[in-house]
Amino acid sequence: MGKPSYHEERGLAIHFLLDVFSRFGYGANGITRLAYSESDKLAKRQFIQLCENEGMNVRVDDAGNVIARRAGVGIEKCAVACGSHLDSVINAGSYDGVLGVLAGLEVVRMLNRKNIKTKYPIEVIAFTCEESTRFGVSTIGSKAMVGLLDMNIITGLTDKTGISFEEAVRLQAFDLARFPQAHRSSDDLKAFIELHIEQGPVLEQKKKQIGVVGSIAAPTRYRLIISGEAGHSGTTTMQLRKDALVGAAEVILAVEKIATLEQHFYSVGTVGSLHVYPNSVNTIPGKVELIYEFRSNDCATKHQLNLNLLSIVNDIADRRKLTVESQLLSDESPIELNSFIGNIIKESCEKRDISFLEMASGAGHDAMNMAKLCPTGMIFVPSVRGISHQPGEFTEPFDIEAGVDILYDTMLRLAEPI
Ligand SMILES: [Zn+2]
């Protein structure tokens, strides 16, 4: 008799449950399960039910995070937690966030089936409002849990339909004034581990099954205000123009070129926001405001890219007789994750003969906030063709199973089997 396969041993629960959760917010163009929406509420309710079926104690905190707990033997505090989020972007796929939540549930199912008890409690957390899609601010649930929420900023948020954040949470029976109560103390948690899809192509390209995330990159963002001279589009000769928009066009191309040339640290650069003034069909654009960002796995490289761009921007301004004002919007250093947990993840990969790659995350996650509360690790599984935030998002079933196995080993080691 050979080793039992994953399916013989555990059934198809996680694959089946990914399908079940895809129903919440399902539409013709993908899944839209925005934070604090009805479909988000239904997904949370389904998750609570599944956790209770596994004998877990479930509470929803004052921000809307769902915290499901499997008791430890003798120890009340210092839970070993894992989890991710259930909300999605507009027209999303089935894996972003949900996979990490269901993988945690699967770990608990496996412990229950094997009747393994642990010294420390185990928690599976479904964070609320991870995506910035609805209100423009990301990871609100984990920020509240860690005490990083700026209530002045949150109070002023509205979604595209004009519903304020306060109103949206009230419609889901939460009280914004009580959000700070979601703050937990650091001795509540011994560790936190987030399993997540990579959302990029690196694991697939390098033919590795698991990403051991060492750090989470934060973007460097600048606003450039490019000023030229507005003028009549019919009477101003080409030689006399100071067109701010064509200057901006050169800047956009430079951002693309600079990032494309640096691929050793997987650098990326984007201009995602552009405002043209006066934005009139027969007026030469006199002013443009644009926001660009660079992200890179290496902090020094990211700064070098930015210096390169600013020097090109100066050249463009001189040549085109434009003035450029730059405003730094954000420039955070990457968040370092816990190397002790990283080593446990790597040891588990080696023991199971699963290939892995140490890497950085280019996208933000709840784990970056949790790292400020307790020792935190992250496990990536591959995204086919690096696709994410759209319905084509896909992770191979055997990669999901490898991820669950590694999460299981890591959680069990930290929670100490009895
Ligand atoms: Zn996510």
*Just in region 341-418: which trypsin sites (Lys or Arg not before Pro) are loop by DSSP and have at most 15 other Cβ atoms within 10 Å?*
Lys372
*Pop the C-beta distance of Lys77 and Thr323 into the FRET formula with R0 = 41 Å and round what comes out to the nearest 0.05.*
0.10
*Quick one: length gained pulling Asn53 to Thr161 fully straight, 0.36 nm per residue minus the C-alpha distance?*
35.2 nm
*Determine, for each peptide in 29-35, 299-305, the mean count of other beta carbons within 10 angstrom over its residues, then list the peptides with the highest first.*
29-35, 299-305
*What is the diffusion coefficient of the chain in µm²/s, taking the Kirkwood radius over Cα pairs and the Stokes-Einstein relation at 10 °C with a viscosity of 1.306 mPa s?*
69
*Taking each pair of different alpha-carbon atoms in region 40-139 once, compute 1/r for the pair, average those values, and report the inverse of that mean as the Kirkwood hydrodynamic radius in Å to one decimal.*
14.0
*Sort 174-186, 85-97, 127-139, 68-80 for me by packing, meaning the mean count of neighbouring Cβ atoms within 10 Å per residue, highest on top.*
85-97, 127-139, 68-80, 174-186
*asked:* I'd like the Kirkwood hydrodynamic radius of region 286-383, using the inverse of the mean 1/r over distinct C-alpha pairs, in Å.
replied: 16.9
*Identify which of Gln46, Gln209, Gln327 has the largest mean-square fluctuation in a Gaussian network model of the chain, with springs joining Cα atoms closer than 10 Å.*
Gln327
*Take the alpha carbon atoms of region 220-347, find their radius of gyration, then divide it by 2.2 N^0.38 Å using N residues; give the quotient.*
1.33
*Per-residue ellipticity at 222 nm for the chain, helices alone: DSSP H runs ≥ 4 residues times -39500 (n - 2.57), over residue total, nearest 500 deg cm²/dmol?*
-11000 deg cm²/dmol
_If I model a spin label at Ala173 and Glu416 as a point 7 Å from the Cα along the Cα→Cβ vector, what separation in nanometres do I get?_
3.8
*With the Cα gyration tensor of region 122-237 giving a ≥ b ≥ c as the square roots of its eigenvalues, does the rule (a/c under 1.5 for rounded; else a/b larger than b/c for prolate; else oblate) give rounded, prolate or oblate?*
oblate
*asked:* Normalised radius of gyration for region 162-211, please: alpha carbon Rg relative to 2.2 N^0.38 Å, two decimal places.
replied: 1.94
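Taken together, the values in this text are just the output of simple stated rules run on the coordinates, not laboratory data. Everything numeric in this text was worked out from a predicted model, so none of it was measured. Neighbour counts are summed over all protein chains in view; Cβ atoms, including those assigned to glycine, are modelled from backbone coordinates with ideal geometry.
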